[in-house]
Ligand code: HEM
């Protein structure tokens, strides 16, 4: 039985806590962040993020006026331009030709788009899973990547992790959680939305699993 007095931001965090730990400690992430994989693995991972953020950001113009998703759609979060600068740095001028989605990435991006066009509350879940994570653990990834592959500090290669229009991330995250708590969802919809959050984490882990397979196979 759900305790309806629990704020939604707490519910979604608790519902995905275990999966968050699994994603954080996945073999691919661990190998990537302990320097066991080369910068080409970081490039490939960044290229997968391009598909995810294309899907997240493609429908912003339509979603900004949506009563449910609208409060979450903010230009200061947009990551696509930063990802493109990173990919150009990591992959050189041919990055666009080299851009291919793993099938788990394609499925993840397709699900985001499905939500973006048909289920705004589901879209919010995917938005939360990515952007709030980027504002948190993403900062760990940035610092490690800069050191491991000698990338310019907060520059090309790691721009995805730099939110230069968000001067106070802690305050931003606080406001974001308040917006989550104000979501007009109740009853069975709460369960549906929490299930979508678990799916969002599973889809991220699936991408890590495929990336892990791709790179361990080369070693
Ligand atoms: C190396 C990998 C990762 C590290 C080191 C990491 C680390 C963290 C840390 C330290 C926080 C806590 C921030 C806080 O309390 O304000 C956090 C929050 C979060 N992370 Fe991660 N994370 C990683 C991977 C991921 C992945 C793969 C996802 C999902 C795609 C994710 C999604 C989130 C979300 C949604 C939050 C916000 C939780 C909430 O307060 O509601 N993280 N992460």
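The values are calculated or read from the model by the stated rules, or taken from the named source; none is laboratory data. All values derive from a computational prediction rather than experimental measurement. Here the Cβ is made from the backbone with ideal geometry for all residues, glycine too, and neighbour counts use every protein chain on show.
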Unique match (being part of a helix (DSSP H, G or I), closer than 20 Å to residue 200 by Cα, modelled with pLDDT of 95 or more and away from the ligand (no atom under 11 Å from the Cβ)) among 179, 171: 179
Count of the stretch 182-210 residues which are within 14 Å of the ligand (Cβ to nearest atom), farther than 30 Å from residue 87 by Cβ and in a helix (DSSP H, G or I): 2
Any hit, the stretch 78-90, residues being within 16 Å of the ligand (Cβ to nearest atom), within 19 Å of the chain's Cα centre (by Cα), within 27 Å of residue 177 (Cβ to Cβ) and modelled with pLDDT of 95 or more: yes
Hits in the stretch 7-36 (condition: surrounded by 12 or more Cβ atoms within 10 Å (Cβ to Cβ) and either at positive phi or away from the ligand (no atom under 13 Å from the Cβ) (or both)): 36
Residue ID - surrounded by the fewest Cβ atoms within 10 Å (Cβ to Cβ), chosen from residues in the stretch 156-171 that are within 12 Å of residue 131 (Cα to Cα) and free of Cβ contacts under 8 Å to residues at least 60 places away in the same chain: 169
